[in-house]
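Asks: Dropping the structure in here first, questions after.
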Amino acid sequence: MVRALVVEKDEESGKTRAGVQDIAESDLPEGDVTVAVEYSTLNYKDGLCIGPGGGLVRRYPHVPGIDFAGTVEASDDPRYAPGDKVVLTGWRVGEAHWGGYAQKARVKADWLVPLPEGLGTRQAMAVGTAGFTAMLAVMALEDHGLAPGQGPVLVTGASGGVGSVATAILARLGYEVAAVTGRPEGADYLRGLGATQIVPREDVAETVKRPLESETWSGCIDAVGGAMLARVLGQLKYGASAAAVGLAGGADLPAKVVPFLLRGVNLLGIDSVMQPYENRLRAWERIARDLPMDRLEAMVTPATLEDLPKLGADILKGQVRGRVVVDLT
Ligand code: NDP
């Protein structure tokens with residue numbers, strides 16, 4: 001038997017309920033690699049899938065958990081052998097396919113990435129989809145010309161999972177980091193991650209009034225979207241880029257095109273789910289190299305499967321700080 005967080009749906013009322021259960025290993029979905037999951041984590045999407053699903057979950061009963069790290073137990077694929085340490089993020093695992101909130105997961109070999117040298121399974125889940133995405137955003141900004149010494153890089157939703165890891169990576173790489181937060185009481189936490197400037201959320205929350213404001217940011221990693229991203233576009237320096245990662249503040253983009261036309265700024269879309277394998281490898285190797293592990297540890301809240309229904313509701317309300325690591329050992 002395998003211990004798992006299972007979400008069930010009452011067909012009559014349409015309501016879902018999440019609880020910890022023992023499931024038979026034979027109930028795991030089809031796949032060519034079985035992984036003994038050691039750690040999983042919590043992302044915004046997990047909050048949706050633990051709750052009513054937000055349209056992401058296809059079938060019930062469902063095991064959520066959009067990412068996990070563990071050790072290969074059995075493999076029908078020549079790329080993996082028992083004992084290999086692996087990490088999985090994306091590919092709609094935890095949404096359309098059963099995910100990491102179980103002691104075992106059965107998945108396609110194509111979805112796995114071998115853990116890079118120097119990164120353990122717990123550390124990989126302290127990073128998780130949120131941190132992996134933060135690294136993809138850093139790489140995209142660098143590919144578009146960002147380098148240290150050009151002025152502060154803005155990180156929005158900075159106390160969240162993506163924002164916390166983005167702040168720590170950028171600071172480690174020598175960037176000045178301006179962290180936008182709606183939680184001023186968390187300023188010490190953000191300074192501890194390496195932020196050099198704290199920007200209150202209300203300073204960038206208002207809808208665009210003037211399409212161009214003073215050229216302030218050399219780049220932006222944006223987890224918030226909505227009016228905030230629109231506003232930031234008009235504050236970017238000439239030729240700078242904003243990496244659009246999330247929509248914690250809304251899916252609309254009430255922006256003017258003027259910053260694109262008069263300042264040559266770029267809006268870079270970041271998707272972690274369907275990211276090609278080579279880029280995944282590159283990102284995980286950069287994480288092992290460029291993410292300060294002591295700062296990563298300072299972001300971690302440990303949790304168990306039993307804690308997840310409450311934590312899932314909390315993350316949807318923007319009340320989770322940093323990264324949650326779920327222990328399945
Ligand atoms: P978190 O909930 O951990 O972080 C989001 C942060 O945004 C909060 O901590 C808060 O930070 C801020 N925030 C929340 N609500 C609002 C609001 N209404 N207005 C302004 N700021 C707000 O989530 P994650 O970091 O895990 O994910 C962030 C976003 O990125 C989500 O939308 C998620 O779906 C998306 N995402 C996208 C991925 C991709 O592949 N593109 C992959 C992973 C995540 P503070 O309190 O500091 O203000």
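Asks: Regarding segment 214-311, what's the average projected area of the Cα-atom convex hull, expressed in nm²?
Replies: Averaged projected hull area, Cα only: 9.0 nm².
Asks: Something else about it: Using only the Cα atoms of segment 162-243, build the gyration tensor, take square roots of its eigenvalues as a ≥ b ≥ c, and label the shape rounded, prolate or oblate: rounded if a/c is under 1.5, else prolate if a/b is larger than b/c, else oblate.
Replies: Here segment 162-243 falls in the oblate category.
Asks: Could you tell me the largest-minus-smallest coordinate of the C-alpha atoms of the chain on each of the three principal axes, in descending order and whole angstroms?
Replies: Its Cα atoms span 60, 47, 35 Å along the three principal axes.
Asks: Please give me, ordered by residue number, the trypsin sites (Lys or Arg not before Pro) of segment 258-319 that lie in loop per DSSP and have at most 11 other Cβ atoms within 10 Å.
Replies: Sparse-neighbourhood loop trypsin sites (Lys or Arg not before Pro): K317.
Asks: Oh, and also: Could you line up S214, S164 from fewest to most neighbouring Cβ atoms inside 10 Å?
Replies: S214, S164
Asks: Right, here's the next one. Do me a favour and compute the ellipsoid semi-axes for segment 260-329 from its Cα gyration tensor, root of five times each eigenvalue, largest one first, whole Å.
Replies: Over the Cα atoms of segment 260-329, the semi-axes work out to 30, 19, 14 Å.
Asks: Mind jotting down the distance between the C-alpha centroids of segment 54-89 and segment 160-222, whole Å?
Replies: So the separation of the two Cα centres works out to 33 Å.
Asks: Quick check: the angle from helix 121-143's long axis to the longest principal axis of the chain, C-alpha only, nearest 10 degrees?
Replies: The helix 121-143 is inclined about 40 degrees to the chain.
Asks: Also, I was wondering about something else. Please arrange H144, H62 by counting, for each residue, the other beta carbons lying within 10 Å of its beta carbon, fewest first.
Replies: Listed from fewest to most nearby Cβ atoms, that is H144, H62.
Asks: Does segment 18-88 come out rounded, prolate or oblate, given a ≥ b ≥ c as the square roots of the eigenvalues of its C-alpha gyration tensor, rounded meaning a/c under 1.5 and, failing that, prolate meaning a/b above b/c?
Replies: Note, shape of segment 18-88 comes out prolate.
Asks: Another question, then. Is the C-alpha gyration tensor of segment 1-141 telling us rounded, prolate or oblate? Criteria: a/c under 1.5 is rounded; beyond that, a/b larger than b/c is prolate, otherwise oblate.
Replies: Since a/c reaches 1.5 but b/c is at least a/b, the shape of segment 1-141 is classed as oblate.
Asks: Shifting gears a bit: Pop out the ³J(HN,Hα) list for segment 222-235 in order, Karplus 6.51 cos²θ - 1.76 cosθ + 1.60 with θ = phi - 60°, rounded to Hz; leave Gly and Pro as x.
Replies: 10, 9, 10, x, x, 4, 5, 5, 4, 5, 4, 4, x, 10
Asks: Shifting gears a bit: When only Cα pairs under 8 Å and 6 or more residues apart are kept, what is the percent relative contact order across segment 129-269?
Replies: 23 percent
No value in this document is a laboratory result; all are computed from the given coordinates. On a predicted model such as this, the values are computed, not experimentally measured, just so you know. Here Cβ is always computed from backbone atoms with ideal geometry, including for glycine, and neighbour counts include all displayed protein chains.
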